[in-house]
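The values are calculated or read from the model by the stated rules, or taken from the named source; none is laboratory data. Just so we're clear, the structure is a prediction, and the values are computed from it rather than from any experiment. Note: ideal-geometry Cβ built from the backbone for every residue, glycine included; neighbour counts use all protein chains shown. Note: areas computed on protein heavy atoms with side chains; ligands, DNA, RNA excluded. Shrake-Rupley method; radii C 1.70, N 1.55, O 1.52, S 1.80 Å.
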Amino acid sequence: MAKKQKSNNQQSKKEKSSLMRFSGNRFRNGSFSATMILIAIGIVVVLNLIVSKIPSKYRELDMSGNKLYTLDEQSEELLERLDTDVTIYFLANKSVEDGYPELTRLLGNYEDGSDKIKVVRKDPELYPNFGTKYEATSSTVLIVESEKRTKLISSTDLYTLTNQEAVYYYGESEKYEFNGENLIANAVNYVTTDNVPKLYTLTGHGETEFDDTLQEYIKNSNITLEDLNLATGKGVPEDASCIAIIAPKSDLNNTEVKAVSAYLEAGGNAMIFGSETNKELPNFDSLLEQYGVTMEEGIVYEGDANYAMTDSPTYIVPKVEIHDANSIVNENNGYILMTDAKSIAETEKHEDNITVTTLFSTTESSYRKKNAATSESIGKEKGDAEGPFALGVAVTVAEKTESEDTEETEETENTAEPKSKLVVYGSTSLISQNIYMQFSYNIAEVLSSLGWMCDTEDSIAIAGKSISAEALTLTEADVNKWMSVYLIFIPVITIAAGIFVTVRRNRK
């Protein structure tokens, strides 16, 4: 026993000695373990470096229902065709940046999407005078710059409250949409494009004006705005991409009608709104008739409750047709609201090179009252015109062709590129703030129509994305299904697996 203890002591001394001499089994085992740990750490470091270089869209999953963190197809197309270097300055410190998670993620996606995009963060506290040369204000959060021009984006435009009236009147929780992608995409497009359309709005006849908010939306779509008074006799400026005539309360004079007609005849474009008025506007009406349309007398009512607001048949949610002027509404399966709308009809006779297409319409249950203001009933009465009615139309004017063959002429009309484009709406509700704050696609309709008319091939209009949490709604069938899964299916599988493992072990 003493010999065995002595032998163990000698072995222990030998191992300690070998460890001090960096030799022996113990040293080799320790060295191997240390080496493997170092290799594992190295692999983790290398993997982290590799993953950090992978674009965020591939390493971060977007689990939001409306793809809030995923780039829209229009953004992807913009980044693919981008051939000019663009720098986006993010004016924010760390705390402010954390307050814009959607914006931060979006900027990362843009930078990952093109080597032409560079995002530079500038802390206003560290660089207080940086924005001075760009005329940035305290609300400016992004400065988008290229060698051609610069555009500023305000923090106040990033988010839109979509249920303002419901919050005020009914105490509902606030719901917001994030507009950042549309703003950034249009800003990048603006600073890199050579085509910047200009929209002139006619004045002098008591016209409805685009409010400040809508003007900002139009400007953010890279369309510049300017008033137009044709009473000066100078005509429509040559740089006009489009003119807007918004529900005049008094008639245009002959000189003004000739000026507008000359502009359209030369290939111009027009956005025209009508509204119910007690005054006759013969010159305004004749201008429309030149292009194959007329606004019919009276107000349209919708008899189908599926296409009208409850107990308000003049508040119509029309059918939206597939058309480039409706592109945003079409792509997002959205809907618009039109109130107190006049119907628009195609005239029986007009030039062969004019094509009138319905943009949105009512159902067959709709009707039109000529004397809506004095009518004692909102229901359909004897003498009311029956629907369906067009509440918005698109008009294209092709180059006139000289041909004796009628069939050949018609084929040319259908395939020729339009020389002029017009959109005519029977109501100003599309641009009414009281309405578009609840129905955001009203604005989208106006913007996509302008993009179609101004013929900007690379025009961008991306609808805002909701950032408000929505409650998960389960039907009774859904509840039963998931109860079956959690209370029956999973327990049965677990018990079966346990029995299988137990039986198998007992057999060994």
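Taking a sphere under 13 Å around the Cβ of Gly235 and counting the other residues whose Cβ falls inside, with K and R at +1 and D and E at -1, yields a net charge of -2. What figure in square angstrom, to the nearest 10, would you give for the accessible area of Ser261 with a 1.4 Å probe? Ignoring ligands and nucleic acids, Ser261 comes out at about 20 Å².
Using the Cβ-Cβ distance between Glu172 and Gln433 with R0 = 25 Å, the FRET efficiency computed as 1/(1 + (r/R0)^6) comes to roughly 0.85.
Peptide packing: for 491-497, 219-225, the average count of neighbouring Cβ atoms within 10 Å per residue gives the ranking 219-225, 491-497, highest mean first.
Counting only protein heavy atoms and a 1.4 Å probe, the stretch 316-395 has 52 square angstrom of accessible area per residue.
Accessible area of Arg121 (1.4 Å probe, protein heavy atoms only, ligands and nucleic acids ignored): about 100 Å².
Once the Cβ-Cβ distance of Glu280 and Glu351 is raised to the sixth power relative to R0 = 41 Å, the FRET efficiency obtained is 0.95. Volume per residue of the convex hull around the Cα atoms, evaluated for the stretch 191-335, comes out as 160 Å³.
Only Lys, Arg, Asp and Glu carry charge here, each on its Cβ (+1 for the first two, -1 for the last two); on that basis the stretch 245-292 has a dipole of about 120 debye about its Cα centre. In a solvent-free Debye calculation with one equal scatterer on each Cα, what is log10 I(q)/I(0) for the stretch 87-244 at q = 0.14, 0.18 Å⁻¹, listed in the order of the q values? So the normalised log intensities are -0.85, -1.15. Full extension of the chain between Lys400 and Lys370 gives 7.1 nm of extra length, using 0.36 nm per residue less the Cα-Cα distance.
State the percentage of accessible surface on the stretch 228-269 attributable to carbon and sulfur atoms; use a 1.4 Å probe and exclude ligands, DNA and RNA. Taking all protein chains in place, the stretch 228-269 shows 49 percent carbon and sulfur surface. Spin-label pair Glu80-Lys118: with each label point 7 Å from Cα along the Cα-Cβ axis, the two points sit 2.6 nm from one another.
Around the amide H of Val120, modelled in the peptide plane, lie the amide H atoms of Ile88, Tyr89, Phe90, all under 5 Å away and 5 or more residues distant in sequence or on another chain.
Among His350, His205, His323, what's the order by accessible area (1.4 angstrom probe), most exposed first? Intermediate values should be presented prior to the final figure.
Working: His350 60, His205 10, His323 40 Å².
Sorted by accessible area, descending: His350, His323, His205.
State the dimensionless ratio Rg/Rh of the stretch 257-302 (Rg: radius of gyration of Cα atoms; Rh: Kirkwood radius). Result for the stretch 257-302 is an Rg/Rh of 1.02.
Once the C-beta distance of Thr213 and Ile41 is scaled by a Förster radius of 51 Å, the resulting FRET efficiency is 0.40 to the nearest 0.05.
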